[in-house]
Amino acid sequence: MNYVIGIAQRAPQSGRRVGVALVSEHNELICSAFEGEARGASWYRILRRRMQELGAFSAHSVYLTINTLSAAGSFELAELLKEVRIDRIYIGLPDPALMSYLDDDPVTARGLIHRFPDDLQRQILEQNRHFYAASEQNIECNPHYSAHRISEAVSTRLKSKGFALSRSDVNANRGRIALASLICQRYGIECKDADRAVNDALSEAFDAKYGTYDYAYDARAANLKWTDDFMSVYRSSSTRSLSTVNILNVGVGAGYEAAALFSDCPQITFVDIAERGLTNISGRIPSSRTVVSSAEDLSALPENSYDLYVSLRTYNSSFFDTSAAASEAHRVLKPGSVIIVSVANGFLYTQRGCVAPGLIIPGTDFVDLYRGMDTANLIGAELDCAGFKDIRMFPTSTEIYLSAVTT
């Protein structure tokens, strides 16, 4: 991966800086290319010529920094895969011109595609910053998300508590345990004190961002039927009416989703790490129970107690431990009960009223079109490990739902 980023750096600055390499099953380089290596030629044409010269028609892996679209609008990787048998595909970023899911995109059509890690994705962005800055993948078009970054808020709040961690420190340790461990090592304090400081900082950061969240900036403002999407997912997993089941809703935010979905549900418990959203929803649904807690630690709730667990847009949150949350969800649900989680998969382009699909690349101002699917696949794997069965995925225009059943 570092190699192809390095060769991409040799591409002309006036064009896209793209690098590609074919690697054998013995991890040996077969051939490589970069965009503009020959005047007016794409990486694909250069690579294909070299492959023909070598008589190479198969490879174990291909590493490509950007999944480029040709001038004709086709994916050059798709053309390569028609000619070469490749077992593993590693992709850095989507083309900056890509703004929706296309049928012939090998990244989405082939299922699980391996991705470059976040730090290398950020390097690719820097190589091509002027192209991505001018694209609709730039979230500066969404004032709420460009101005409210959890990593910055956590860094600021930890600094106020005497722990001067930079934004890069926070981004490099995005797990709660990892961040607490860094504080332990750097400041020589007890692990329980570091964990408490991180928990408090996260609570304050999420409260500030979502406690009074303005849904005018939410992608669901462009999908007024999002509640129908949720109910369709629920009905695919259960025949029982929502009003008759004991519901646990984890990750309430400002309470907008909960009020829209569960106002008529008499048996419901709301859980959130931040208090402001819980206060909001208590006012809207007075009969509900509220618990201040993280999704990863539901020890205040008994096991085998709920018929439905719902967590919308929480499992893709910053500093989230999906494995721990999935295990806790399985513990509190009754056998045969349903879990529904969703991954946010779009940011409202406020000037145009349309949605830029994907999730933010941590530490940047850009949306990665593929990250939502990547995240949903990872969550599905964690649900499977936690003991859930019948795991299904339901992509919609603004988010990706997953449903499963407890064993």
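The values are calculated or read from the model by the stated rules, or taken from the named source; none is laboratory data. What you are looking at is a predicted structure, and each value in this text was computed from that prediction instead of being measured. Because the Cβ atoms are built from the backbone with ideal geometry, glycine has one as well, and the counts that use them run over all protein chains shown.
Between SER243, SER263, the distinction of being in contact (Cβ under 8 Å) with a residue 12 or more places away in the chain and in contact with an Asp or Glu (Cβ under 7 Å, 6 or more places away or on another chain) belongs to SER243 only.
Each residue in segment 299-331 was checked for being touching a strand residue (DSSP E or B) at 6+ places or on another chain (Cβ under 7 Å), assigned to a helix (DSSP H, G or I) and surrounded by fewer than 24 Cβ atoms within 10 Å (Cβ to Cβ), and 1 pass. Scanning segment 118-139 for residues that are touching a residue at least 60 places away in the same chain (Cβ under 8 Å), closer than 26 Å to ARG88 by Cβ and within 17 Å of the chain's Cα centre (by Cα) yields ASP118, LEU120, GLN121, ARG122, GLN137. Restricting to segment 276-291, what's the tally of residues that are outside any loop (DSSP other than H, G, I, E, B) and under 19 Å from VAL245 (Cβ atoms)? Here the count works out to 4. Where helices (runs of 4 or more DSSP H) fall entirely within segment 100-148, those with at least 2 residues that are loosely packed, with under 15 Cβ neighbours inside 10 Å and modelled with pLDDT under 80 are at 143-147.
I'm trying to understand the selection: among the residues of segment 149-191, which are of a type in the set (Asp, Glu) and modelled with pLDDT of 90 or more? Correct list: GLU190 only.
Residue by residue through segment 353-379, note down the ones that are more than 13 Å from the chain's Cα centre (by Cα) and in a helix (DSSP H, G or I). Hits for segment 353-379: nothing passes.
Looking across SER342, SER323, SER317, SER311, one residue alone is among the small types (Gly, Ala, Ser) and under 10 Å from the mean Cα position of the chain (by Cα). It is SER317.
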